[in-house]
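The values are calculated or read from the model by the stated rules, or taken from the named source; none is laboratory data. Keep in mind that what you see is a predicted model, and the values were worked out from it rather than measured. Using ideal geometry, Cβ is built from the backbone for each residue, glycine included, and neighbour counts are taken over all protein chains shown.
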Amino acid sequence: MTAPPPFATVPGDEPLRVLLVGAGGMGRAWLRTIAADARVALAGVVDLDPAAARRALAEEPGTDAVPVGTSLGEVAARGGAQAVIDVTVPAAHLPVTLEALDLGLPVLGEKPLAADLAQATVLVKAAEDSGLLFMVSQNRRYDRRLWALKAQAARLGELGVLTQEFFRAPRFGGFRDAMDHPLILDMAVHNFDAARFVLDRDPVAVYCDEYNPPWSWYRGDASATAVFEMTGGVRFVYTGSWCADGLETSWNSRWRLGGARGSAIWDGEGEPEVEIAHGPAGPGPVAPPLPGAGTAGSLTEFVTALRTGRMPMGECHDNLLSLAMVYAAIASSATRARVQVADVLRAARAEAGIPAEVP
Ligand SMILES: NC(=O)c1ccc[n+]([C@@H]2O[C@H](COP(=O)([O-])OP(=O)(O)OC[C@H]3O[C@@H](n4cnc5c(N)ncnc54)[C@H](O)[C@@H]3O)[C@@H](O)[C@H]2O)c1
C-alpha cells in the first residue's frame, strides 16, 4: 500500500472535545470509554432518536450539561466539538462522516468503514480531499495476546502460512439471521483485519467458498472457507462457521502460524505458544506497545494521532484493505473464481464514480 497522505493535527493541551454520534448499544460502550479517558471530554451526543441519547447519558454521572440533539452541525457548534466519534449503524457511516469532514472535524468511526465497498472508497477520497483524519475503530486489534502473537511471529523467520479456525453457534436473532453473508460481512472483517495486523501483509487475491449447512438457522451463508494470497506469497487460510454447535473456538478464532524456523499457535484466549524447531530464532518478543485494550486502545490511538500527526492503525486507507478482503471473498464465492483484491477495489471506485488512480 502506498503511504496515506498526512492529515491535519489538532494542537492543544486541554482534553480533546469529542462529539458522540449514535447512542445505541455500542454508543453506550463508547460513552464509558470516553468518560474513562482524561485526554478527551464529551462535547455532545447526537442521535436521530434524542430519547436514546438522553437514556445513554442518564447512565453516565456528571453529564447533565452535555448538549444533545439530532443535528450533528448544531450540537457540534454548541459543544465546541473538535472531533466526531461515529457509532451509528453502518448505513449512516457515509452521511455522518461526510458531514463531519465538511465541518472540518476529524472522525473516529466504528467498523465497518461503510455499508459497502463503493461507499468506503467515497469516504477515503473525502478524507483525502479534506486533509483530515478518518480512522476506523477495529477494536479487536487492541488485544494484548494478539500483540504477543505478532511479537512471536517475528521469531519464526520468513512466514509461510497462517490458518484461522472460527467456529461458534450464536443465536442472535434479528438482522444477522436475514443477511446474505452474515459470517463474512458481520464477523470475518475482525478476523481478516487481525490477520493483516499479525502478518503485516496486504491482501492480493482470494478464493472463497461460502455455504450454508442444512441445519443452519441463518437465511444466508453462515459458513465459509477462504484462501488469501497476501503480499510476499504468504497464504492466509480462514475457515469458519456461525452455526457450529459444540467445541466452539474463541471469538478471536484459533490460529496457527508457520514460518521457516518454527510455528506459533494461539487459541484466541490464552497466551500464544511458539516452538522454534531449528536455526537461530529472530529477536525475542518485545514488550508490546499496546495503547490500551479494545475501544480504549483505539481512542488513545486516535487522540495521539491528532496531537502528534503519527499515522494511526485503522487510518481509512489502511482499513479499506480489510474491508476489501471481505468484498473480494464474497465476489469470489459468487463467481466461483479466484478474485484479485485490486480488481474489486477498482470496481468499487468505478461504481462510486471515482476516477481510476494513475499508476
Ligand atoms: N467493534 C465491535 O465490537 C462492535 C460491536 C457492536 C457494534 N459495532 C458497530 O457499532 C455501530 C453501531 O452498532 P450498535 O449495535 O450500537 O447499533 P444500534 O442500532 O444499537 O445503535 C445505533 C444508533 O445510531 C443511531 N443513528 C442511526 N443513524 C443515525 C444518524 N444518521 N445520525 C445519528 N444517529 C443515528 C440510531 O438511532 C441508534 O440509536 C455499527 O457500525 C456496528 O457495526 C461494533
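Data overview
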{"item": "Single residue of the range 252-299 satisfying the filter (among the β-branched types (V, I, T) and at pLDDT below 95) that is nearest to L149 (Cα to Cα)", "result": "V274"}
{"item": "Residue list for the range 25-42, restricted to those being within 15 Å of the ligand (Cβ to nearest atom) and either of a type in the set (A, V, I, L, M) or surrounded by fewer than 16 Cβ atoms within 10 Å (Cβ to Cβ) (or both)", "result": "G25, M26, A29, L31, R32, I34"}
{"item": "Search result, residues across the range 82-104 that are crowded, with 21+ Cβ neighbours inside 10 Å and away from the ligand (no atom under 14 Å from the Cβ)", "result": "Q82, A83, L101"}
{"item": "Some residue of the range 67-78 being in contact (Cβ under 8 Å) with a residue 40 or more places away in the chain, under 19 Å from the mean Cα position of the chain (by Cα), within 8 Å of the ligand (Cβ to nearest atom) and within 23 Å of L123 (Cα to Cα)", "result": "no"}
{"item": "Single residue of the range 105-143 satisfying the filter (among the hydroxyl-bearing types (S, T, Y) and away from the ligand (no atom under 14 Å from the Cβ)) that is surrounded by the fewest Cβ atoms within 10 Å (Cβ to Cβ)", "result": "S130"}
{"item": "Residue count for the range 50-68, restricted to those that are surrounded by fewer than 22 Cβ atoms within 10 Å (Cβ to Cβ), touching a helix residue (DSSP H, G or I) at 6+ places or on another chain (Cβ under 9 Å) and either hydroxyl-bearing (S, T, Y) or under 11 Å from A23 (Cα atoms) (or both)", "result": "5"}
{"item": "Of all residues making up the range 203-219, the number that are assigned to a loop (DSSP other than H, G, I, E, B), touching a helix residue (DSSP H, G or I) at 6+ places or on another chain (Cβ under 6 Å) and surrounded by fewer than 18 Cβ atoms within 10 Å (Cβ to Cβ)", "result": "1"}
{"item": "Within the range 209-265, considering residues that are hydroxyl-bearing (S, T, Y) and farther than 26 Å from A337 by Cβ, the one nearest to the chain's Cα centre (by Cα)", "result": "S250"}
